[in-house]
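Okay, structure first, notes after.
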Amino acid sequence: MSDHLPKGAEVVVIGAGAVGAACAYFLAREGFRVQVLEQGQVASGTSSAGEGNLLVSDKEAGHELDLALYSHSVWHDDLAEFGQLWEFESKGGFVVASSPEGADALRELGARQRLAGIETVDVDAADIRQYEPNIRTGLAAAAYYPQDAQVQPMLLTAHLLRLARGMGAVVSTGIEVTGIEHRDLGGERRVKAVRTSRGTIACDHVVNAAGTWASEIAAMAGVDVPVLPRRGFVLVTEPLPPTINRKVYAGEYVASTHSSDEGLQTSTVIEGTQAGTILIGSSRERVGFDRTVSLPVLREIAAKALALFPSLARVRIMRTYLGFRPYCPDHLPVIGHDSRLTGMWHATGHEGAGIGLSVGTAKLLAQAMADKSPDLDLSPFAPARFSAGDHA
């Protein structure tokens, strides 16, 4: 998917992953002339290396949960008619605890989440196999989250861009952004154009949706947005008959998503797909952009999955893949207008939640760019919160 490169656009969106594609769709829906630029191919970065989770279950009360619940409404209210295109599946999430202490923690988390608007059902040990017949015995407790869902992220990205193109957006791949030009008007710095490997595009607005490369794009604009890559692996099994009904994960996964530890962390996350394969994760570690396949990490992920679903012992792993989550030090994404450069916008830093949060992020950003009052306050995600440089 690559259109011609025009000389000008109202908005240039940098990045053709799920977040960039969602931004293109909602901006085009608001009537903006949109140009999408991608250095690789559509969904060739983080969006092709995840599981496509749309989760509320892994979030504590706070700003990220507010965004997740808002995104949940966007999936159901704005995009329901397209769900079949990207294999939208409201399968629900199922979180398990293996010890009495873990069960207590899971119950306490669920109580806090209910107060924040999440639907959650406490499941006693005796009832766990009614939800997941193939899960191991001896678990202490579980919680069922009916709002959790899943999509196929590459299909999502491709179809959102197709829909955006139908509203006039232009999508250009294999093009590297080399600079962001600005002009000074009465002491105000304002976006002027984007320089690329194939020429310069005049524009009024730039949306930095470059994922793990977002900090480099921000630096071209003279602003600091500290997005770092966090590597993760996924195992993919051979196609199987229906084996796992929901997204199933161990309770410690919630803690790992909020951790700032640079070292390796693994926790069991396992779910089936409509194609019959089973996706098994997860791991997190900050190793830069090192793409070396780590057999010890893969073994640890597999061992933890077998401890939860022993019936998978003779199932073959068809392939593995890795990707880099765009991680922000304060665990909040960067969304909205950058007060340090007029016309500069960001939609990045969602770490492992980017697929689920993409559509809420994009709709809010499009509302703000159209001078409408966003449905959700964007100030907690403000890009300029990093101005002081206090994000080591």
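Computed quantities for the displayed model
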| read-out | value |
| --- | --- |
| Enumeration of residues in the range 151-204 that are within 18 Å of Glu216 (Cβ to Cβ) and among the acidic types (Asp, Glu) | Glu176, Glu181 |
| Members of the range 114-146 found to be more than 27 Å from Leu65 (Cα to Cα), of a type in the set (A, V, I, L, M) and open to solvent by less than 60 Å² (accessible area, probe 1.4 Å), listed by number | Ala125, Ile135, Leu139 |
| Residue identified as open to solvent by less than 30 Å² (accessible area, probe 1.4 Å), in a helix (DSSP H, G or I) and without any contact (Cβ under 8 Å) to a residue 60 or more places away in the chain among Ala368, Ala353 | Ala368 |
| Whichever residue in the range 324-349 is out of contact with any strand residue (DSSP E or B) (no Cβ under 6 Å at 6 or more places or on another chain) and open to solvent by 10 Å² or more (accessible area, probe 1.4 Å) and, among such residues, is nearest to Asp66 (Cα to Cα) | Leu332 |
| When residues of the range 371-392 are limited to those that are assigned to a helix (DSSP H, G or I) and modelled with pLDDT of 95 or more, the one most open to solvent (accessible area, probe 1.4 Å) | Ser379 |
| Which listed residue is touching a Pro at 6+ places or on another chain (Cβ under 7 Å) and open to solvent by less than 10 Å² (accessible area, probe 1.4 Å), from Ala214, Ala218 | Ala214 |
| Where a residue in the range 31-43 is at positive phi and its partner, wherever it lies, is β-branched (Val, Ile, Thr), with Cβ under 9 Å and at least six apart | Ala43/Thr157 |
| Residues that are among the aliphatic types (A, V, I, L, M) and out of contact with any Asp or Glu (no Cβ under 7 Å at 6 or more places or on another chain), drawn from the range 279-302 | Ile280, Val287, Val293, Leu295, Val297, Leu298, Ile301, Ala302 |
| Subset of the range 114-167 [in contact with a Gly (Cβ under 9 Å, 6 or more places away or on another chain), part of a loop (DSSP other than H, G, I, E, B) and either touching a residue at least 60 places away in the same chain (Cβ under 8 Å) or not aliphatic (A, V, I, L, M) (or both)] | Ile118, Thr120, Pro146, Gln147, Asp148, Val151, Gln152, Met167 |
| Flag for Gly168 being within 21 Å of Lys363 (Cβ to Cβ), surrounded by fewer than 16 Cβ atoms within 10 Å (Cβ to Cβ) and not polar (S, T, N, Q) | yes |
| Qualifying residue in the range 37-58 (condition: out of contact with any Asp or Glu (no Cβ under 8 Å at 6 or more places or on another chain), under 27 Å from Met369 (Cα atoms) and part of a strand (DSSP E or B)) | yes |
| Residue check, Phe94 open to solvent by less than 50 Å² (accessible area, probe 1.4 Å), on the phi < 0 side of the Ramachandran plot and in contact (Cβ under 8 Å) with a residue 60 or more places away in the chain | yes |
| Subset tally (residues that are part of a helix (DSSP H, G or I), among the small types (Gly, Ala, Ser) and under 22 Å from Gly272 (Cα atoms)) for the range 70-101 | 2 |
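The values are calculated or read from the model by the stated rules, or taken from the named source; none is laboratory data. What you are looking at is a predicted structure, and each value in this text was computed from that prediction instead of being measured. Because the Cβ atoms are built from the backbone with ideal geometry, glycine has one as well, and the counts that use them run over all protein chains shown. The area values use the complete protein model at the heavy-atom level, side chains included, leaving out ligands, DNA and RNA. Shrake-Rupley method; radii C 1.70, N 1.55, O 1.52, S 1.80 Å.
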